[in-house]
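The values are calculated or read from the model by the stated rules, or taken from the named source; none is laboratory data. What you see is a predicted model, and the numbers here were worked out from it, not measured in a lab. With ligands, DNA and RNA removed, areas are computed over all heavy atoms of the protein, side chains included. Shrake-Rupley method; radii C 1.70, N 1.55, O 1.52, S 1.80 Å.
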Amino acid sequence: TAQDAMGPVMRVEYQVAGAGWTVYGGPLFLGVGFHRVEYRSTDAAGNVENTRLLEVTVDGLAPVVQLDVGNPRQELSGRVWVGPATPVTLSASDAESGLSLIRYQLNPVVADDPWVEGQGGPVVLTRPGSNLIVFFAVDAVSNASPAQTTVLYLEAAPPELSLAPDEATGRFRSASNQ
């Protein structure tokens, strides 16, 4: 909006990237990327205010989010097995407006289970066996990444080894419970 202490403002004009002056008539929609918007107003006496400059970056990209699984870990038959001490963390980046938050659900039962904010902190697995992790990130202008899912398998119990002599030979053989 424009104001003039002595009389009415007759018009407001703008131009984007020097493409020529246009009379302002409503909201201005800019595409994704960096824009130089110049604007000015003219009063009833023909006085034109000094041109003003607004530099705007329109962010149309969602942040990139990832789940990082440290060691120890083992990949067997398409499954990732981890131990209780294996670090599991979420990280994200946003090159345009900056990162606002990362959220995740651990073993959700229904879609509206509570989300945990987990920016850089550990995701702690406590349930032996299959653990479903659902996660996404949001940037400073509310662009959200698509939700991603990962299943990790927690092996919390150490293996047990027992030695027993073979009844026929008297030699020892090993057996393990897995």
Legend entry - Rounded to the nearest 10 Å², the accessible area of D112 at probe 1.4 Å: 130
Legend entry - Radius of gyration and Dmax over the Cα atoms of region 97-178, both given in Å: 21.9, 74
Legend entry - R40, R11, R52, R171, reordered so the largest accessible area comes first (probe 1.4 Å): R171, R52, R11, R40
Inset, instruction - Take the chain, connect every pair of alpha-carbon atoms lying under 10 Å apart with a spring to form a Gaussian network, then pick out the residue of A164, A144, A85 with the largest mean-square fluctuation. - result: A164
Legend entry - Whole-Hz ³J(HN,Hα) from phi, Karplus 6.51 cos²θ - 1.76 cosθ + 1.60, for region 58-64, glycine and proline x: 9, 8, x, 10, 7, x, 9
Inset, instruction - Give the accessible surface of the chain per residue, rounded to a whole number of Å², with probe radius 1.4 Å and ligands, DNA and RNA excluded. - result: 67
Inset, instruction - Please arrange Y104, Y24 by accessible surface area, largest first, computed with a 1.4 Å probe and ligands excluded. - result: Y24, Y104
Legend entry - Whole-percent pair-distance distribution, where bins are 10 Å wide, for the alpha carbons of region 9-58: 25, 53, 19, 3
Legend entry - Listed residues F135, F172 arranged by accessible area, highest first, probe 1.4 Å: F172, F135
Inset, instruction - For region 14-52 and region 119-157, compute the distance between their C-alpha centroids and round to whole Å. - result: 46
Legend entry - Size descriptor, Kirkwood hydrodynamic radius, that averages inverse alpha-carbon separations across region 38-132, Å: 17.8
Inset, instruction - Take the solvent-accessible surface of the protein heavy atoms, probe 1.4 Å, and return the percent of it on the chain that carbon and sulfur atoms account for. - result: 53
Inset, instruction - Could you bin all the Cα-Cα distances of the chain into 10 Å bins starting at 0 and give me the percent of pairs in each, rounded to whole numbers? - result: 8, 22, 17, 14, 12, 11, 7, 4, 2, 2, 1, 0
